[in-house]
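Structure record follows, encoded as structure tokens.
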């Protein structure tokens, strides 16, 4: 299970100076692509608590920019989402590691 990456509103950092103005757009894009290079999908979870249209548009734009597949999941049943945030993290729904245990590819393949 890949680590979640959250889509933030465009104005989230509006009070901060955009990083690309400090390091250049090309370098900023390279950094983002490096951070996400092992991801293959952008998944939008529709929890029905906000207007999904602008979030969908942004997620699709991001998927195209990063050359990733886009998926949308209906998440109106918030039980799994609450478990994702608060736990408990049982082995049925999550990969649970013991302290010091290594992460292996086989954990994700089943």
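Here are a few things to note about the model shown:
- Pairwise Cα distances in segment 19-109 exceed 20 Å in 58 percent of cases.
- Residue 109-residue 25 pseudo-label distance in nm [points 7 Å out on the Cα-to-Cβ vector]: 4.1
- Taking N as its residue count, the alpha carbon Rg of segment 48-95 over 2.2 N^0.38 Å: 1.45
- Gain in span if fully extended, residue 53 to residue 74, counting 0.36 nm per residue against the direct Cα distance: 6.2 nm
All of the numbers you see were taken from the coordinates with simple rules; none came from a lab. The structure presented is a predicted model; accordingly, all values stated were derived computationally and were not measured. So basically every Cβ, Gly included, is an ideal-geometry build from the backbone, and we count neighbours across all protein chains shown.
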